[in-house]
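Notes for the one structure printed next.
The values are calculated or read from the model by the stated rules, or taken from the named source; none is laboratory data. Everything numeric in this text was worked out from a predicted model, so none of it was measured. For neighbour counting, all protein chains shown are included, and Cβ atoms are generated from backbone atoms with ideal geometry for every residue, glycine included.
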Amino acid sequence: MKFKTKRKKSLPEISTSSLPDIIFILLFFFMVTMVIKDDQSKFQVDRPTAVQIEKMKHLDLSATIWVGYDEGQSIPLIQFDKRLIQVDEVAGLIAEKRATLPESSAPLFTTIIKADRELPMYLITDIKQELRSINALKIQYSIQEES
Amino acid sequence: MRPTQPNNAGSMADIAFLLLIFFLVTTTIESESGLMRKLPPDEDSSGEIKRRNVLNILINNDDQLMVNLKPMEIDALPAYAATFIQNKEEKSTFPEMELKDLELLGETMVSKQVISLQCATHTSYGSYVGVQDALASAYRSARNDFSEQHFNRSFDDLLEAKAIERVKVVQSAIPMRISEAEPFK
């Protein structure tokens, strides 16, 4: 009996050299599109919750004010642009920020207030008065999204 | 020298997919959500408003509510405010009705409602936002009602369908009028 020596039929190999390129393209794509959050507050802010919420459309036309407490402290702190400020500085800083935008989009400018739910209202009212004084009338009370 | 063995390509594709899925899961599109409000201009011309047209809401230092001089729980506020805003039964303690010339609908009866919200100095911000939220849902249900009555579709539907003309009519029929007074001591 004669045995036929079975030879493995070899498929033509697929070239793998392009696959790392694809991975790199993907990696770069996501690296470019990812937004690095840099608007963290220096203190804990426990924002309130709400149901009737709206999503903000023009994030680039906004400025964020953080209001909260340092851990274990009872003196409220206000933060704007990575530094702590006093209430009476709000108007000037927001006006400065708004001035960097094109004039046509100034009416769309929104101030996002990220405040702690335990804060007393007089402080929030003071901030709102500051904003009214420079005619920055659009505000958003930021809320904690349930995840 | 041995010829170099071509390495297997199948696993490389898997790695690419893993990376893709990893980034898809970890990247979140940043969005800010909250309650949008517009502050009144600085030179506020607060004309006299008739008492019956105003729903007075007070929040005291202990975060308790007082609505038109009666204590109320926050859960009851949306329904009460919605009936106040519409005043369908034309109660004498609720706002006056007036004929307003609206686009698409012509002259329509709408109420002259205003909601006044006043806090104490040490009212907590959380309960203030809670009341704002309750009022927003009151306006929403009032608008839904109005819209269903006149357009046979809810306001939410109109918003979803981006029927801007009709949305504007409903908004001008039931404008969100929340005035905020200075906090009291």
### Message
I want to confirm something. Restricting to the stretch B:77-123 and keeping residues that are among the charged types (D, E, K, R) and under 21 Å from B:LYS168 (Cβ atoms), which single residue is modelled with the lowest pLDDT?
### Response
B:GLU103
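Within the stretch A:114-124, track down each residue that is assigned to a strand (DSSP E or B) and crowded, with 22+ Cβ neighbours inside 10 Å. Walk me through it before giving the result.
Pass one, the stretch A:114-124, residues assigned to a strand (DSSP E or B): A:114-115, A:120.
A:ALA115 - this is the single residue of the stretch A:114-124 that is assigned to a strand (DSSP E or B) and crowded, with 22+ Cβ neighbours inside 10 Å.
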### Task
Sort out which residues of the stretch A:43-76 are more than 8 Å from chain B (Cβ to nearest Cβ), in contact with an Asp or Glu (Cβ under 6 Å, 6 or more places away or on another chain) and of a type in the set (A, V, I, L, M), and write them in order of number.
A:VAL45
#### Entry: Criterion violated by A:LEU93 - all others in (1) at pLDDT 90 or above; (2) within 14 Å of another protein chain (Cβ to nearest Cβ); (3) assigned to a helix (DSSP H, G or I) satisfied
(2)
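On the given criteria, is A:GLN40 within 14 Å of another protein chain (Cβ to nearest Cβ), modelled with pLDDT under 90 and within 29 Å of A:GLU118 (Cα to Cα)? Give the steps one after another, and end with the answer.
On the way: within 14 Å of another protein chain (Cβ to nearest Cβ): yes; modelled with pLDDT under 90: yes; within 29 Å of A:GLU118 (Cα to Cα): yes.
Spelling it out, A:GLN40 is indeed within 14 Å of another protein chain (Cβ to nearest Cβ), modelled with pLDDT under 90 and within 29 Å of A:GLU118 (Cα to Cα).
Please determine, by comparing only the residues of the stretch B:113-166 that are more than 9 Å from chain A (Cβ to nearest Cβ) and acidic (Asp, Glu), which one is nearest to A:LEU119 (Cα to Cα). Don't jump to the end; show me each part of the working.
Start the filter on the stretch B:113-166 by keeping residues that are more than 9 Å from chain A (Cβ to nearest Cβ), which leaves B:113-118, B:131, B:138, B:141-166.
Of the ones still in play, those that are also acidic (Asp, Glu) are B:145, B:148, B:156-157, B:160, B:165.
Values: B:ASP145: 35, B:GLU148: 40, B:ASP156: 33, B:ASP157: 37, B:GLU160: 35, B:GLU165: 40 Å.
Filtering first and then ranking leaves B:ASP156.
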